[in-house]
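The values are calculated or read from the model by the stated rules, or taken from the named source; none is laboratory data. In this text, all values refer to a predicted model and were calculated from it rather than measured experimentally. Neighbour counts are summed over all protein chains in view; Cβ atoms, including those assigned to glycine, are modelled from backbone coordinates with ideal geometry. The accessibility values were calculated without ligands, DNA or RNA, using every heavy atom of the protein model including side chains. Shrake-Rupley method; radii C 1.70, N 1.55, O 1.52, S 1.80 Å.
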Amino acid sequence: MVCSRVFGWLTLGLACALAPGVVAPCAAQSEGLSLSLADALARVDAQAPEMVMAEHAVRVAQARRAGAAVVMPQNPRLSVDVRPTFNGGWARDAGYSALLDTLFEVGGAPAARVREVTREVAVARAERDLQHLHARLVVWAAYLDAQIADLRIAEAQAAAEIAQRVLAAAKKRVEMGAASDLEQASAELELAQIEAVGTAAKREREQLTMQLRDALDLPAQQALTLTTAVEDPPPLRDEATYLQRARHNHPQLMASQARLQALSATQERLERERVPRVGVYLGVDQAPRSPAFGLVGLSVELPFAQRNQGPLAVVAQARTAELDRRVLSEHRIEREVIAALHAYELRRAELQLLTSAALPAAQRSFQLAEAGFGAGRFDWFRVALAARDLVRVRSNRLDALSAAWAQRIALEQAAGGPLP
């Protein structure tokens, strides 16, 4: 038993020495990671699963270049036959023939195929940019929601402290005989509900942090410390700036433009493939009991049945549909930019009002009610009502903060990314 343990430890030590790259990730998982919002967004290109798969899609499209420029649409064909005699001849008197022929595309179809593949690669890259925008928004939303969940936990702890103060006051009044057990029971209920809200906020924070790990493909057990403050959403630029950004650089419109160019390249390739192909053949022929002779010639397809009629009709309709889709997308994106921008400014105004007016008033009201209760001027229910108002205003403020950031993310999605 001792020998097996020693052998196991030696094997583990040897593995660590020979494969430090394998052990390093395990050590890295045990270490925490401090992550700012800028760092999280910078990791999207290299670590987001959507970006990894989008890069594979680009490479798959690039791989289609192999063989696209080949001018022979099919492999050369060799035909051989033997011609024995049936009038009493010998095998040496049998005839034979051999023919080697192949076709060539002379209408420019190979070059058109290369251009088509190039356009398809551009489509894959445009789709990758669209995936990058989506991955960026997912990381941003998860990061901000996790930070706001931290604020909710802090607010729940502050609310629990207020509820404990109210409960202590109720107990004191019960001990003095100035109140009934109903006040104490109500205060205990209020404290329990606030603690339940705090527990729910912690659970939500863990879920949102796991979503952030999933969006960046981080280890599940790695502790994350988010360092970017989110209490003050910044002001925005004017409406025209975001509209210009959306019209000229939105990944969805860029992807639509790339698809239109790819359809045009496909149409060109189909039209060039309709050009009759030219063939060359070489052969040798010997009839029975006759001298052998060679064959050299050209062949050409007769365009009686035109090729690619169906695919050309489909491409034409697809291009018309893509043009209409692009126009509709432009109109929708413009509406989304204006709506998100206005909603964000209104949410910021709501947040400012709750922060600068409602919250100080609620705090002052609770302080006055608590002081009046201690002086015997107010009953306990007045204090409980003021405490509930304070907790509700704090919760509403966090709701407004979360809604403001949600509109900010919606604006970036509508505009197609951050402004340069």
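Couple of notes before you dig in:
- Condition check for Val60: open to solvent by 70 Å² or more (accessible area, probe 1.4 Å) and hydrophobic (A, V, I, L, M, F, W, C): yes
- Put simply, of Leu385, Leu411 the only residue that is open to solvent by 10 Å² or more (accessible area, probe 1.4 Å) and over 24 Å from Glu204 (Cα atoms) is Leu385.
- Some residue of segment 69-89 being part of a helix (DSSP H, G or I) and either open to solvent by 70 Å² or more (accessible area, probe 1.4 Å) or modelled with pLDDT of 90 or more (or both): no
- Within segment 207-251, the residues that satisfy the criterion of being touching a residue at least 12 places away in the same chain (Cβ under 8 Å), assigned to a loop (DSSP other than H, G, I, E, B) and within 20 Å of the chain's Cα centre (by Cα) are Asp217, Leu218, Pro219, His250.
- Scanning segment 273-291 for residues that are over 30 Å from Gln309 (Cβ atoms), among the hydrophobic types (A, V, I, L, M, F, W, C) and open to solvent by less than 60 Å² (accessible area, probe 1.4 Å) yields a count of 2.
- Filter result for the condition that a residue is open to solvent by 50 Å² or more (accessible area, probe 1.4 Å) and either modelled with pLDDT under 90 or in a helix (DSSP H, G or I) (or both), over Ala28, Ala46: Ala46
- Checked against the criterion of being modelled with pLDDT of 90 or more, open to solvent by 20 Å² or more (accessible area, probe 1.4 Å) and over 30 Å from Leu130 (Cα atoms), segment 396-403 has at least one qualifying residue.
- Segment 351-360, residues that are in contact (Cβ under 8 Å) with a residue 12 or more places away in the chain and open to solvent by 60 Å² or more (accessible area, probe 1.4 Å): none
- Qualifying position, being assigned to a helix (DSSP H, G or I), out of contact with any Lys or Arg (no Cβ under 6 Å at 6 or more places or on another chain), closer than 30 Å to Leu411 by Cα and not polar (S, T, N, Q), among Val60, Val121: Val121
- Scanning segment 322-350 for residues that are free of Cβ contacts under 8 Å to residues at least 12 places away in the same chain and open to solvent by less than 50 Å² (accessible area, probe 1.4 Å) yields a count of 0.
- Matching residues in segment 187-221 - criterion: being among the polar types (S, T, N, Q) and open to solvent by 20 Å² or more (accessible area, probe 1.4 Å): Gln193, Thr199, Gln207, Gln211, Gln221
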